[in-house]
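Undergrad: Before I ask anything, here is the structure I am working with.
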Amino acid sequence: MTIKEREMLFERLLNVNIDSISSSQQLRNELYNGYDLITIDLRDVMKNPNHSENLILEDGDILSIDKNNNLVKVSGEVFYPAIIPLRAHRSARYYVKQAGGFMPSSRKSKTMVIYPNGKVKSAHTFFGFRKYPRVTGRAEIYVPQKNMENKNKMGTGEWALLVSALGILSNVIINALK
């Protein structure tokens, strides 16, 4: 549905005219709320016109190109969430360190970089080494929290310790009764 069609629908349903829609913030929000955000890598499309991200714009589509910004936002489970100037060829780990480092409750293995085009890359492990994605300007680094549901449950080591302690205790009691 195009914006014009939405305006006409609002006029009929709410019995208001276009001037009322433009003067009411709430009506404008409702009118323009029905859009989907589609992000593409324009450089790839410009290099290859047959690229899968080369979309055809239709009537009512809005093209928005953000200005270039050399800042990186770091949020989530870091000690000091911050916006940090971009440094060339640095990974997400560098920016997390600049934001005070990982908190004990952070899930380092799932650290993700959200790029300005909407794509997301997560840290991954290769032969025990964690590799963090590279960062570009206007990217956001998000460090999620560990799953805290299972923290109060006993692990295998704790169960083994408890069983061996009970075995020793029962052995002491049996020997004391002899």
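The values are calculated or read from the model by the stated rules, or taken from the named source; none is laboratory data. Keep in mind it's a predicted model, so treat the numbers as computed, not measured. Cβ placement follows ideal geometry from the backbone for every residue including glycine, while neighbour counts extend to all protein chains displayed.
Undergrad: Looking at Met112, Met103 in this structure, which one is in contact with a strand residue (DSSP E or B) (Cβ under 9 Å, 6 or more places away or on another chain), farther than 29 Å from Ile38 by Cβ, at pLDDT 90 or above and of a type outside the set (Gly, Ala, Ser)?
TA: Details: Met112 fails: farther than 29 Å from Ile38 by Cβ.
So the residue among Met112, Met103 that is in contact with a strand residue (DSSP E or B) (Cβ under 9 Å, 6 or more places away or on another chain), farther than 29 Å from Ile38 by Cβ, at pLDDT 90 or above and of a type outside the set (Gly, Ala, Ser) is Met103.
Undergrad: Right, another one. Can you confirm whether Val78 is closer than 24 Å to Ile38 by Cα and among the aliphatic types (A, V, I, L, M)? Quick ask: steps written out before the conclusion?
TA: Numbers: closer than 24 Å to Ile38 by Cα: no; among the aliphatic types (A, V, I, L, M): yes.
For Val78, the condition - closer than 24 Å to Ile38 by Cα and among the aliphatic types (A, V, I, L, M) - is not met.
Undergrad: Follow-up. Just a yes or no: is a residue in the stretch 145-167 on the phi > 0 side of the Ramachandran plot and touching a residue at least 40 places away in the same chain (Cβ under 8 Å)? Even if it seems obvious, please write down each step before you answer.
TA: Filtering the stretch 145-167 for residues on the phi > 0 side of the Ramachandran plot gives none.
No, that holds for no residue.
Undergrad: Continuing with the same structure: Check whether at least one residue in the stretch 41-48 is in a loop (DSSP other than H, G, I, E, B), outside the structural domain of Pro133 (by TED's automatic domain parsing), under 19 Å from Arg134 (Cβ atoms) and not small (Gly, Ala, Ser), and report yes or no. Explain how you work it out, then say what you get.
TA: Quick first cut of the stretch 41-48, residues in a loop (DSSP other than H, G, I, E, B) only: 41, 48.
Then keep just the ones that are outside the structural domain of Pro133 (by TED's automatic domain parsing); that gives 41, 48.
Still in the list and also under 19 Å from Arg134 (Cβ atoms): 41.
With not small (Gly, Ala, Ser) added as a condition, the list becomes 41.
The answer is yes, given that some residue of the stretch 41-48 is in a loop (DSSP other than H, G, I, E, B), outside the structural domain of Pro133 (by TED's automatic domain parsing), under 19 Å from Arg134 (Cβ atoms) and not small (Gly, Ala, Ser).
Undergrad: Looking at the structure I just gave you, is Lys121 over 23 Å from Arg43 (Cβ atoms) and without any contact (Cβ under 8 Å) to a residue 60 or more places away in the chain? If you could, list the steps in order and put the result at the bottom.
TA: Numbers: over 23 Å from Arg43 (Cβ atoms): no; without any contact (Cβ under 8 Å) to a residue 60 or more places away in the chain: yes.
No; evaluated as a whole, the condition is false for this residue.
Undergrad: I'm checking my understanding of the structure. Among residues of the stretch 85-100 that are surrounded by 13 or more Cβ atoms within 10 Å (Cβ to Cβ) and more than 17 Å from the chain's Cα centre (by Cα), which one is farthest from Gly137 (Cα to Cα)? Can you show your working first?
TA: Our first condition is that a residue be surrounded by 13 or more Cβ atoms within 10 Å (Cβ to Cβ); within the stretch 85-100, this holds for 86, 90-100.
Narrowing the set further to residues that are more than 17 Å from the chain's Cα centre (by Cα) leaves 86, 90, 94, 97-98, 100.
On the way: Leu86: 6, Arg90: 11, Tyr94: 14, Lys97: 17, Gln98: 16, Gly100: 20 Å.
My answer is Gly100.
Undergrad: When the stretch 97-121 is examined, which residues are found to be farther than 22 Å from Tyr80 by Cβ and small (Gly, Ala, Ser)? Steps first, answer last, please.
TA: At the first step, the residues of the stretch 97-121 found to be farther than 22 Å from Tyr80 by Cβ are 115-121.
Scanning the stretch 97-121 gives a single hit, Gly118.
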